[in-house]
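Asks: Have a look at this one before I ask anything.
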Amino acid sequence: MRSNKLSKFVLKHPTKILNSSTFQKKNLADISPSITIPYYALTSSNEPNLKKEIFLKTDSQDIKHLKESCSLASQALKFSEKHLKVGLTTLELDELVRNFIFENNAYPSPLFYMGFPNSICTSVNNVVCHGIPDGRKLIE
């Protein structure tokens, strides 16, 4: 069974909690032009663009891109796990992972999706839900 490094951390509640990412939509202009920015990050709408058609990825190039994106997702999880430490905030972890993804010429899909302000969803203490990174520090 794989150990879960997150399970040994609990939250310390500081007096000031940061509730939003330091990364803003205006910062999108600063990322590499080789990174494709999804439509939802470029609009002010928080509504998903639901298409009525489903496209199966069967082309060998599509399959190759899917494998690459899955590999990067795995690497991002391993990267985040290596950076977990007492005193780190989930907001700081969000910034580390976002930069890691950008450095790998990719876009963190949660960022600005339906107004979500961060690049990762994170929870602590084995809470099974989507959490928004904030300024609370992890303690052992």
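The values are calculated or read from the model by the stated rules, or taken from the named source; none is laboratory data. Model, not experiment: these values are computed from the prediction. Note that we place each Cβ from the backbone using ideal geometry, even for glycine, and neighbour counts take in every protein chain shown. Ligands, DNA and RNA are excluded from the accessible area calculation, which covers all protein heavy atoms including side chains. Shrake-Rupley method; radii C 1.70, N 1.55, O 1.52, S 1.80 Å.
Asks: Go over the candidates 28, 42, 56 one by one and state the one that is under 20 Å from residue 97 (Cα atoms), of a type in the set (A, V, I, L, M) and at pLDDT 70 or above.
Replies: Only one candidate passes the filter, namely 28.
Asks: Could you please find all residues in region 75-93 being open to solvent by less than 50 Å² (accessible area, probe 1.4 Å) and closer than 19 Å to residue 104 by Cβ?
Replies: The answer is 76, 79, 80, 81, 93.
Asks: Need pairs with beta-carbon distance below 8 Å; first residue in contact (Cβ under 8 Å) with a residue 24 or more places away in the chain and within region 56-80, second not in a helix (DSSP H, G or I); sequence gap 6+ or separate chains.
Replies: 69/106; 72/104; 72/106; 75/104; 80/120
Asks: Right, something else. Determine whether region 112-127 contains at least one residue that is within 24 Å of residue 23 (Cβ to Cβ), open to solvent by less than 80 Å² (accessible area, probe 1.4 Å), in contact with a strand residue (DSSP E or B) (Cβ under 7 Å, 6 or more places away or on another chain) and part of a strand (DSSP E or B).
Replies: No: zero hits.
Asks: Moving on to the next point. So which pairs qualify, if the first residue must be in region 86-110 and over 21 Å from residue 130 (Cα atoms), the second must be modelled with pLDDT of 95 or more, the Cβ gap must be under 6 Å, and the two must be at least 6 apart or on different chains?
Replies: 104/72; 106/72
Asks: Here's something else I'd like to know. Within region 52-100, how many residues are within 23 Å of residue 138 (Cα to Cα) and either touching a strand residue (DSSP E or B) at 6+ places or on another chain (Cβ under 8 Å) or of a type outside the set (Gly, Ala, Ser) (or both)?
Replies: Here the count works out to 24.
Asks: For residue 82, all conditions in the list (1) under 21 Å from residue 37 (Cβ atoms); (2) part of a helix (DSSP H, G or I); (3) of a type in the set (D, E, K, R) hold save one; what is the number of the exception?
Replies: Here residue 82 meets the rest and fails (1).
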